[in-house]
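The next block holds one structure in the form of structure tokens; read it before the comments.
The values are calculated or read from the model by the stated rules, or taken from the named source; none is laboratory data. Just so you know, these numbers come straight off a predicted model, no measurement behind them. Note: ideal-geometry Cβ built from the backbone for every residue, glycine included; neighbour counts use all protein chains shown. Each accessible area value is taken on the protein alone, full model and side chains, heavy atoms only, with ligands, DNA and RNA left out. Shrake-Rupley method; radii C 1.70, N 1.55, O 1.52, S 1.80 Å.
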Amino acid sequence: MADAESYVRAQVTKVRGVVQGVGFRPFVFRIASKRGVAGWVLNDSSGVSIHAEGTAAALATFTKELRDLAPTAARIDSIDTEATTPAGFHDFRIAGSVDSEVTSAGISPDLPVCDDCIAELFDKADRRADYPYINCTACGPRYSIMHGLPYDRRNTTMALWEMCASCASDYGDPFNRRFHAQPVACPECGPQYRLHDGSSPQLVGTAAIHAAADLLNDGKIVAVKGIGGYHLACDASRSDTVAALRNRKFRKERPFALMLRDLESVRRTVELSPACEALLTSSARPIVLARALITLAGVAPGMSELGVMLPYTPLHLLLFAHGAPERLVMTSANRSSEPIAYRDDDAIQQLAGIADAFLVGERPIARRVDDSVVKIGTAGPMLLRRSRG
Ligand SMILES: [Zn+2]
Ligand SMILES: [Zn+2]
């Protein structure tokens, strides 16, 4: 007779917190496979459910690793485990999602493009080189593309695009960085950016991004569709352009936020303390207020501080790589009294008298997200306006 330790037991585990859209199911799959645990994991309306079968020792290690090794983007609020009857599974699977009216699952906020994706973005040999919608389970949009829960592609604005064979293979491979990355896409199968500048035919893809960077260099105002809405962008070092933006936007005094090409550019623009740097590079990628080292006429009239942020989407990085000025005004594309524009038709209509051109991404935005604004106070960071992160 086998000793008690070798009996297969089963447990049901419910994980609550921010566990959807952060690669949690692939993570569960990997630790289960490593520990010889069979069963399944699925997203449900309040988080992730796991049915796990294995020896007592395997289940104990598996349960411990669930908490200890969870993806960094996840935030676990609770893990509840109950014993159940073994069903005799032979392997571990990622099951489909359970639909429910209840929607309390924590969904990850949008995440800035990760280093792995940046490396591919600028690797000419990669099939996603120069592709503004590159993403993986560690980065990219979540909240802003989600129509509902559970967080599956069919419930996002990416449902409009069918994956090509290569993307489907990435999506289906548990050992691929894009395993179950819901917004996975590539230039073959996914959305693109287009430049609306009155010329016909419209420029598409890399040509559109390159032309937008040229327009910014020429002192033009370009409405740029970002992850959670439109920004109005222009060269912050050109006082004539900044003044034109201020006049057209009816925003006589309020300061404009800046997007700076990289940390070097930040160091030449504001006093960068270690605390500021940590905030600027944090996953929320907020606008950080810091003491100005230079004067940019018209950007923040009468103020000693500038609001600066770093590029956080592949598109932003591509604009700079294609030669956009290193200091861009990046202000929410609304007239002072209106909410940030996020629907293409609304944006084009609202901004017709403000922007000289529109860099419009085809992927719809399901929910508007503003940039948050943070300042380092004597007691640490103070959130002046919350949004992403
Ligand atoms: Zn990534
Ligand atoms: Zn593809």
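Residues that are part of a strand (DSSP E or B) and among the β-branched types (Val, Ile, Thr) within region 36-50 comprise VAL41, VAL48, ILE50, listed in sequence order.
Note on region 225-275: residues that are aliphatic (A, V, I, L, M) and within 23 Å of GLY377 (Cα to Cα) total 9. Where residues in region 34-93 are crowded, with 17+ Cβ neighbours inside 10 Å and acidic (Asp, Glu), which of them is modelled with the lowest pLDDT? Per the criteria, the residue is ASP44.
Selection of region 232-246 for residues being open to solvent by 10 Å² or more (accessible area, probe 1.4 Å) and either closer than 16 Å to ILE209 by Cβ or not charged (D, E, K, R) (or both) yields SER237, SER239, ALA243, ALA244. Residue count for region 151-163, restricted to those that are over 21 Å from LEU318 (Cβ atoms) and either within 16 Å of ligand 2 (Cβ to nearest atom) or surrounded by fewer than 22 Cβ atoms within 10 Å (Cβ to Cβ) (or both): 9.
Residues that are at pLDDT below 85 and in contact with a Gly (Cβ under 9 Å, 6 or more places away or on another chain) were ranked within region 101-150; the one that is nearest to ligand 2 (Cβ to nearest atom) is SER108. If you go through region 1-23 and keep only what is modelled with pLDDT under 90 and either buried (at least 21 other Cβ atoms within 10 Å of the Cβ) or more than 21 Å from ALA83 (Cβ to Cβ) (or both), you end up with MET1, VAL18, VAL19, GLN20, GLY21, VAL22, GLY23. Given the conditions (1) open to solvent by 30 Å² or more (accessible area, probe 1.4 Å); (2) in contact with a helix residue (DSSP H, G or I) (Cβ under 6 Å, 6 or more places away or on another chain); (3) within 16 Å of ligand 1 (Cβ to nearest atom), which single one is not true for ARG178? So the condition that ARG178 fails would be (1).
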